[in-house]
Amino acid sequence: MLSLRSTLKWKAKLKLHKSEKIAIRCRSDAYEISNPQVRVLISEHLGPEMFVALQNRDVEFGIGPYRRVPQGIVFQTLFQQPFYLIVHTSHPLASRGHASLADLPNLNLLCPAPGTTAREVLDHALMTRGLIVQPRYEALQYQTLFVLASAQLGVTVMPMVNQELLVAMNLVPLPFDDFPMQRAVGLLKRDGEKLSAISAILIATLLDAACIHYKLTPEAEQLRNQSVSKANDQI
């Protein structure tokens, strides 16, 4: 989750959804020099915590895969995040280069925990084909699933997160060739409220990084361009 709140000085507090790791870079040295009152902090939160923070007005906005929002909060899709079958480099499927849903019942699956959006993506895909799987292990955090897969205790269905991390752990992401395994990641904010200029600049920075790896929706591109304009006005 990404969020922003105001203290004695402006504090830009970024909260990332647990499996949502997007590279965040500064827009320019000029912005840093002209805005010394802005600090960026990173932490991790799940959907219910994000909703409470927005409802309590502790933050201005959030970024995450939580489409089903409570009343008073709106979700705007920014991009679709693909999921992969992540296997060890020595796994027989690694050399094939792709995966299919029919592979899953025959594998030792390391599954995201029930109730997470990642698990919803997996369960929905299986339900469309009438497939049933028995997870070998379940875990809340993607780091745990990756470590188990790296130890060759099974395979997992998750976003790629970071290619360098997978290489370091001897893991390979295999795209699904028979189903659009993905989830929407979006901007969450209070309904009817405009974002501050500082929040808009942070969103522009995020979308600048995200567009390298994902195809932004038209709404996200518009938001990015508006944010860039605000950032240029600030610099």
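The values are calculated or read from the model by the stated rules, or taken from the named source; none is laboratory data. Being a predicted model, the structure only gives us computed values, none of them experimental. All Cβ positions, glycine included, derive from the backbone under ideal geometry; neighbour counts span all protein chains shown.
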Tell me whether the range 158-179 contains one or more residues that are touching a residue at least 40 places away in the same chain (Cβ under 8 Å) and of a type in the set (D, E, K, R). yes
I'd like to know if the range 124-147 contains one or more residues that are modelled with pLDDT of 95 or more, under 30 Å from Q222 (Cα atoms) and not polar (S, T, N, Q). no
Among residues of the range 116-135 being loosely packed, with under 15 Cβ neighbours inside 10 Å and more than 24 Å from the chain's Cα centre (by Cα), the residue farthest from L166 (Cα to Cα) is G130
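Is it the case, given these coordinates, that L188 is closer than 16 Å to G64 by Cβ and either modelled with pLDDT under 90 or loosely packed, with under 15 Cβ neighbours inside 10 Å (or both)?
Numbers: closer than 16 Å to G64 by Cβ: yes; either modelled with pLDDT under 90 or loosely packed, with under 15 Cβ neighbours inside 10 Å (or both): no.
Answer is no for this residue.
Considering only the range 161-175, I want to know if a residue exists there that is at positive phi, out of contact with any helix residue (DSSP H, G or I) (no Cβ under 8 Å at 6 or more places or on another chain) and not assigned by TED's automatic domain parsing to the domain that holds G64.
No, there is no match, as no residue in the range 161-175 is at positive phi, out of contact with any helix residue (DSSP H, G or I) (no Cβ under 8 Å at 6 or more places or on another chain) and not assigned by TED's automatic domain parsing to the domain that holds G64.
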Answer from A113, A139 - the residue that is crowded, with 17+ Cβ neighbours inside 10 Å and small (G, A, S): A139
Kindly list, by first and then second residue, each pair from a residue in the range 116-129 that is farther than 17 Å from D178 by Cβ to a residue that is part of a helix (DSSP H, G or I) and at pLDDT below 95, limited to pairs with Cβ atoms under 8 Å and residues at least 6 apart or on different chains. T117/G47; A118/Y142
Could you check the range 49-100 for strands (runs of 3 or more DSSP E) lying wholly inside it with 1 or more residues that are under 20 Å from L202 (Cβ atoms)? 61-64, 73-82
Looking at the range 84-101, can you tell me whether even one residue there is buried (at least 17 other Cβ atoms within 10 Å of the Cβ), modelled with pLDDT under 95 and not assigned by TED's automatic domain parsing to the domain that holds L188? no
Which numbered condition V155 fails, given (1) assigned by TED's automatic domain parsing to the domain that holds P48; (2) crowded, with 21+ Cβ neighbours inside 10 Å; (3) hydrophobic (A, V, I, L, M, F, W, C): (1)
